[in-house]
Structures are given as C-alpha cells and as structure tokens.
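The structure under discussion appears below in the form of structure tokens.
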Amino acid sequence: MPHLTFKTSSDGLAVRVLIGLRHTRIQQLRRAGMPIPAPKELRAIFDTGTDVTAVSESSLSHLGMQPVGTELVTTPGGVAIVSRYRISLSLPSEDRSAQLSLPEMDVLTMAHPPIGFDMLIGMDVLADCLLLVDGKARRFTLAF
Amino acid sequence: MTPTQSQPAQPQPVPTAAPQPLAAPVPAQVLLAAEIAAFERELPRLLAEGEEGRWALVKGDHVVSVWDTSGDAVQAGDEKFALEPFLVQRVLREPRIAKSTRYYL
C-alpha cells in the first residue's frame, strides 16, 4: 500500500498540497489551445472532525475555475451557502519522491480558513485512506 | 509628406505599480442563478421519480440528465458544455449541511 509520512507540527497534521484544474478541464483547454494555469501550492491541514474538504476563495482565483454547484455550511453567523468546485489535488511527500494524486475531487469554498492555512482536508478524503498518527515520534502516515 | 525624423527612443520607465489582485471567483449563486432556480423548480419531480441521492446536471432552464456520482455528472457537463458553466446538484429531500467540529467553514 503506497504511503506518505510527514512530521506533525504544533498546528497538527499540516502538509503542503498542490491544487489545480480537474483532469477533464485540462484536456479541454489543451484541445482548445488555451493556456493551462499552473497548480497552486497551499498549506493544508487534515481534520477528522470535518466531513468535507474546503479551500479559501483566494486560492481559487488564479486558476480561473468556475463553480459547479452549491452546498450549505455552518458559519459563525449560522448556515450559509457556498460554492462547490471540482479540482485536482496532489499531496507530495516531504522529499517529493512520492505523492497522493486525486485528479478529480469536490471542494467547497471556505470563508474562514484556519489561521495560516488555505485548505482543510476532511473525512471525504480520509475515508479512502489509512491515517496513522505516531504522537511520540511526532510523525503521521497516510496510506492509500 | 516628408517623414519626420524620430528621436532616438528613450528608455521607458519600468512600471512600478503592484500587480493587480486577481478577481475573486464569481459565487455559484450568481454564476449559476438560472440553473439553481431550475433545479429548485424540478426538485419535487426528481424526488417523485425516485432520483433521491443522485446528481442532476442542469444547464440554463432545464435538467439535462441525472447521474450516480458528482464526478459522472461533472464529466458529462464538461463533455456536453465544454467551458460553459453548468450546475451539478445532489437530489436530496433534506439539504445536507457540511459540518466541522473544530472550524467554521
């Protein structure tokens, strides 16, 4: 089973990820001879208490993406409607020798990202992985 | 007309203005307002036809097709509408609210 191991930090299970256009959209832009925006690196945090994956709106700006739907979320002001996007996600290992790649996945926009982070990776991704946290060694491993 | 002698080109000042920030993405509620209205109008019919839990692909004023997963519906939308916007929305009797026990989304 392929796996990636990361150091834990005082923030928790934090990683660097790359988000980009979904696979089918890249193929369409290629066929149309249009430029393909480079993937964007974001600081993300895993959270087992969140059932979705969400990114800050500003992270999506340079990719020129269009939303494909809406979802309801809880906010400080109550329930709100946010946009849903379909993107690609890559999670490289710390030495960049291996990576977890999801060419198509749904993410929501997030109005209140955790301080210092642009992305929250929730149980929708973790549900297909094995997550092992070695607290004493200050490392965690994601197998997929 | 005698062409005027042009002066040697002077070096132009390099623009020093900071790059303009990229525009925020248009929210789905705005970009897909017509599709959302069509989906809400068609939702009772879709539920009555047993489509609950599946994903509707909506373009303009009508539901185009219904799929088992959001991925299938988005792929169908990409193939049919290329780079034009379209809506993919889950057919649910009670809307789902995404939750986080630690953060506000």
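The values are calculated or read from the model by the stated rules, or taken from the named source; none is laboratory data. Given the structure is predicted, the values throughout are model-derived calculations rather than measurements. No Cβ is skipped: glycine too gets one built from the backbone with ideal geometry, and neighbour counts run over all protein chains shown.
If a residue must be among the acidic types (Asp, Glu) and either closer than 23 Å to residue B:26 by Cβ or touching a residue at least 40 places away in the same chain (Cβ under 8 Å) (or both), how many such residues does the stretch B:80-101 contain?
Selection size over the stretch B:80-101: 1.
Looking only at residues that are over 23 Å from residue B:69 (Cα atoms) and among the aliphatic types (A, V, I, L, M) in the stretch A:42-55, which one is nearest to the other protein chains (Cβ to nearest Cβ)?
Among residues in the stretch A:42-55 that are over 23 Å from residue B:69 (Cα atoms) and among the aliphatic types (A, V, I, L, M), the one nearest to the other protein chains (Cβ to nearest Cβ) is A:45.
Of the residues in the stretch A:95-144, how many are β-branched (Val, Ile, Thr) and free of Cβ contacts under 8 Å to residues at least 24 places away in the same chain?
Final tally of qualifying residues: 1.
For the stretch A:60-91, name all the residues that are more than 17 Å from residue A:42 (Cβ to Cβ) and among the β-branched types (Val, Ile, Thr).
Result: A:68, A:70, A:73, A:74, A:75, A:79, A:81, A:82.
Report those helices (runs of 4 or more DSSP H) wholly inside the stretch B:17-105 carrying at least 1 residues which are charged (D, E, K, R).
Output list reads B:33-48, B:70-81.
Report every pair of residues separated by at least 6 positions or lying on different chains whose Cβ atoms are under 7 Å apart, first residue within the stretch B:29-45 and surrounded by fewer than 17 Cβ atoms within 10 Å (Cβ to Cβ), second of a type in the set (D, E, K, R).
Qualifying pairs under 7 Å: B:34/B:61.
Between A:25, A:30, which is surrounded by fewer than 18 Cβ atoms within 10 Å (Cβ to Cβ) and not in a strand (DSSP E or B)?
None of the others qualify; the one that does is A:30.
Test of understanding: among B:84, B:49, which residue is of a type outside the set (Gly, Ala, Ser) and either under 24 Å from residue A:53 (Cα atoms) or within 13 Å of another protein chain (Cβ to nearest Cβ) (or both)?
B:84
Give the residue, chosen from A:141, A:48, that is farther than 21 Å from residue B:26 by Cα, more than 15 Å from the chain's Cα centre (by Cα), β-branched (Val, Ile, Thr) and surrounded by fewer than 21 Cβ atoms within 10 Å (Cβ to Cβ).
Just a single option satisfies the conditions, and that option is A:141.
Considering only the stretch A:5-12, I want to know if a residue exists there that is within 14 Å of chain B (Cβ to nearest Cβ) and either at pLDDT 95 or above or closer than 27 Å to residue B:76 by Cα (or both).
Looking through the stretch A:5-12, none of the residues is within 14 Å of chain B (Cβ to nearest Cβ) and either at pLDDT 95 or above or closer than 27 Å to residue B:76 by Cα (or both).
With the condition kept exactly as written, say whether any residue in the stretch A:56-77 is loosely packed, with under 14 Cβ neighbours inside 10 Å, more than 7 Å from chain B (Cβ to nearest Cβ) and either at pLDDT below 95 or not in a strand (DSSP E or B) (or both).
yes
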